[in-house]
Amino acid sequence: MGASTDVRPVAAELRFLPVTTRVPLKFGTESLTTVTCARVRVRVTDRQGHTAEGWGETPLSVQWVWPSSLPYAERLDTLQQFCRELTGLWAAIRVEGHPLELGHAFLETVLPGFWQGFNQRHRRGREPMPWLAALVCVSPFDLATHDAFGHHVGRPVYATYTSAFLRFDLSRYLQPAPGTSVSFRDRYPADFLLSQRRDRLVAWHLVGGLDALEPWELTGREPDDGYPVLLSDWIRRDGLKCLKVKLRGTDAAWDYDRLVRVGRIALAQDVHWLSADFNCTVQDPDYVNDILDRLREEYPRIYGMLLYVEQPFPYDLEAHPRDVHSVAARKPLFLDESAHDWRLVRLGRQLGWNGVALKTCKTQTGAILAACWARAHGMALMVQDLTNPMLAQIPHVQLAAHLPTLMGVETNAMQFYPAASAPEAEVHPGLYERRYGCVDLSTVQGPGFGYVLERIRRELPPPAVSCGF
């Protein structure tokens, strides 16, 4: 089909949905207690004047995208202003094509200059908003356009990543690593996706740095809302088999003790797998190596349960190009914050990283292209959460369901703000509650991302910005 199905955006609308956590979530040196989600509606049109609409949503996770000593309110206000200015810019896109083509063109040719200009206008003489924050802000617009295209052609989003809808193969967007036999000619994203979506995925539970592990750690200020507080209670309630452990990266004794304590609980509760997330705070590979080696010697069963290690080092790989082969030789080492795009995945591979943790919050377009590059070069994949509530959960889990991830999907919004997704959970109960250690997306059906929005009874706030509607 190609050009006959090409679209371009003609309208965009932005809303902000605030959410409060039931318990704090620690990110590196900061804690998250509230988050504002950006929800976007986009209308697209083809050359015949046929229109379709789509929706996208992403949490503006300030502490994750912009770790800083600046006040939280200042950083959030900056991200929201960036989203507001993006709304008119997205509605004015004049390129036509598949959303992957539109998204790639925007990310490559428009967003860098717009981001730099924004920082000059709004952040002159102050700490600039990071590129990762810019990607998170643009992601709901990109997601909404992919969703709209699916409605335009009457297909699920993942059924459109073929030569029938894309004018160009992957060689237009991706370059193989030097010295490999990889070629992207005549290859399309569908060639790197699973031929059939998995409707049931193993769920990873996040053990936050502030989460209580034992009854003696309870303060009496915990929420009494019917949801668990202690890790053991979560494991029993949800049948969990995979635990992701947040670590500090600046206190080796605390990190080691935390891994051992969680590992002992996991062994007692028949949990199968652990992962360790150092959240970009480690400066020296030996910090991680020493913890892993000690764990292997003193607690070999817990070491054996450790499936992978996630992003110990600062995420700007170009500014901090550490050789990490020694860590990756011990356990699979996954890029997360560093994996902004396929070029940084390529750099990471050269430095020794052997896995990629994908997130839809860096755009659907970027996640698909990075997944294709990584799979072509034999890198392992995971799909990680940004504590996605409401609509944001659906594309997030869809990405994992269409890729051969190392083990299921991380999903933790039900731990930190379960009530926020109540209207969506009425329609997709298996996506917002983990049962037998899994999430189930069998209710996600139909064109686009399969939100089934007409059945979701959510009252939305008035638009913060509306262009073209």
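Search region 21-49 for residues that are over 17 Å from LEU247 (Cα atoms) and pair each with any residue that is of a type in the set (Lys, Arg) and modelled with pLDDT of 85 or more when their beta-carbon atoms are under 7 Å apart and the residues are at least 6 apart or on different chains.
ARG39/ARG15; VAL44/ARG8; THR45/ARG8
Test GLY179 against the criterion of being outside any strand (DSSP E or B), over 23 Å from the mean Cα position of the chain (by Cα), assigned by TED's automatic domain parsing to the domain that holds GLY430 and without any contact (Cβ under 8 Å) to a residue 60 or more places away in the chain, and give yes or no.
It is false that GLY179 is outside any strand (DSSP E or B), over 23 Å from the mean Cα position of the chain (by Cα), assigned by TED's automatic domain parsing to the domain that holds GLY430 and without any contact (Cβ under 8 Å) to a residue 60 or more places away in the chain.
Look through region 118-166, keep the residues that are touching a Lys or Arg at 6+ places or on another chain (Cβ under 8 Å) and among the hydroxyl-bearing types (Ser, Thr, Tyr), and return whichever of them is surrounded by the most Cβ atoms within 10 Å (Cβ to Cβ).
Filtering region 118-166 for residues that are touching a Lys or Arg at 6+ places or on another chain (Cβ under 8 Å) and among the hydroxyl-bearing types (Ser, Thr, Tyr), the one surrounded by the most Cβ atoms within 10 Å (Cβ to Cβ) comes out as SER139.
How many residues does region 215-238 contain that are aromatic (Phe, Trp, Tyr), at pLDDT below 95 and under 20 Å from ARG261 (Cα atoms)?
Qualifying residue count, region 215-238: 1.
From the list PRO178, PRO140, PRO130, pick out the single residue that is more than 21 Å from ASP385 (Cβ to Cβ) and not small (Gly, Ala, Ser). Spell out how you get there, then give the answer.
On the way: PRO140 fails: more than 21 Å from ASP385 (Cβ to Cβ); PRO130 fails: more than 21 Å from ASP385 (Cβ to Cβ).
Exactly one of PRO178, PRO140, PRO130 is more than 21 Å from ASP385 (Cβ to Cβ) and not small (Gly, Ala, Ser), namely PRO178.
For region 421-469, give me the residue count where each residue is of a type in the set (Asp, Glu), exposed (fewer than 15 other Cβ atoms within 10 Å of the Cβ) and under 29 Å from ALA91 (Cβ atoms).
Counting residues in region 421-469 that are of a type in the set (Asp, Glu), exposed (fewer than 15 other Cβ atoms within 10 Å of the Cβ) and under 29 Å from ALA91 (Cβ atoms) gives 2.
Can you go through ALA212, ALA266 and tell me which one is modelled with pLDDT of 95 or more, surrounded by 14 or more Cβ atoms within 10 Å (Cβ to Cβ), of a type in the set (A, V, I, L, M) and more than 24 Å from the chain's Cα centre (by Cα)?
Of ALA212, ALA266, the one residue that is modelled with pLDDT of 95 or more, surrounded by 14 or more Cβ atoms within 10 Å (Cβ to Cβ), of a type in the set (A, V, I, L, M) and more than 24 Å from the chain's Cα centre (by Cα) is ALA266.
Out of VAL95, VAL65, which single residue is modelled with pLDDT under 95 and surrounded by 23 or more Cβ atoms within 10 Å (Cβ to Cβ)?
Among VAL95, VAL65, only VAL65 is modelled with pLDDT under 95 and surrounded by 23 or more Cβ atoms within 10 Å (Cβ to Cβ).
Which of (1) free of Cβ contacts under 8 Å to residues at least 12 places away in the same chain; (2) more than 23 Å from ARG237 (Cα to Cα); (3) touching a helix residue (DSSP H, G or I) at 6+ places or on another chain (Cβ under 9 Å) is the odd one out, the single condition ALA425 does not satisfy?
The number of the failed condition is (2).
Output yes when any residue across region 89-107 is assigned to a helix (DSSP H, G or I), in the same structural domain as LEU14 (by TED's automatic domain parsing), farther than 18 Å from LEU14 by Cβ and free of Cβ contacts under 8 Å to residues at least 40 places away in the same chain, and no when none is.
Yes: one or more hits.
For region 227-243, indicate whether the set of residues that are surrounded by 15 or more Cβ atoms within 10 Å (Cβ to Cβ) and within 30 Å of LEU317 (Cα to Cα) is non-empty.
Looking through region 227-243, at least one residue is surrounded by 15 or more Cβ atoms within 10 Å (Cβ to Cβ) and within 30 Å of LEU317 (Cα to Cα).
Name the residue, out of ARG197, ARG121, ARG155, that is out of contact with any Phe, Trp or Tyr (no Cβ under 9 Å at 6 or more places or on another chain) and among the basic types (Lys, Arg).
ARG121
What number of residues in region 439-469 are among the β-branched types (Val, Ile, Thr) and outside any loop (DSSP other than H, G, I, E, B)? First the steps, then the outcome.
Taking region 439-469 first, the residues among the β-branched types (Val, Ile, Thr) are 439, 443-444, 452, 456, 465.
Narrowing the set further to residues that are outside any loop (DSSP other than H, G, I, E, B) leaves 439, 465.
Adding up the residues that qualify gives 2.
Please determine whether any residue of region 167-183 is surrounded by 13 or more Cβ atoms within 10 Å (Cβ to Cβ), charged (D, E, K, R) and under 30 Å from LEU292 (Cα atoms).
No, that holds for no residue.
Of all residues in region 108-125, count the ones that are touching a residue at least 12 places away in the same chain (Cβ under 8 Å) and part of a loop (DSSP other than H, G, I, E, B).
Number satisfying all stated conditions: 1.
Any residue that is in a strand (DSSP E or B), closer than 30 Å to ASP255 by Cβ and not small (Gly, Ala, Ser) - is there at least one of those in region 2-19?
For region 2-19, residues in a strand (DSSP E or B), closer than 30 Å to ASP255 by Cβ and not small (Gly, Ala, Ser): present.
Whether any residue in region 55-74 is of a type in the set (Asp, Glu), outside any strand (DSSP E or B) and either within 20 Å of HIS151 (Cα to Cα) or out of contact with any Pro (no Cβ under 9 Å at 6 or more places or on another chain) (or both) is what I want to check. Can you show your working first?
Kept after step one, since they are of a type in the set (Asp, Glu), are these residues of region 55-74: 57, 74.
Right, trim to outside any strand (DSSP E or B) and you get 74.
Going one step further and asking which of them are either within 20 Å of HIS151 (Cα to Cα) or out of contact with any Pro (no Cβ under 9 Å at 6 or more places or on another chain) (or both), we end up with 74.
Yes: one or more hits.
Give the number of residues within region 269-285 that are surrounded by fewer than 14 Cβ atoms within 10 Å (Cβ to Cβ) and over 30 Å from ALA319 (Cα atoms).
1
LEU86 is checked against (1) in a loop (DSSP other than H, G, I, E, B); (2) crowded, with 21+ Cβ neighbours inside 10 Å and fails just one. What number does that condition carry?
(1)
The values are calculated or read from the model by the stated rules, or taken from the named source; none is laboratory data. Please read these numbers as outputs of a predicted model, since none were measured by experiment. Every residue, glycine as well, gets a Cβ built from its backbone with ideal geometry; the counts of neighbours run over all protein chains shown.
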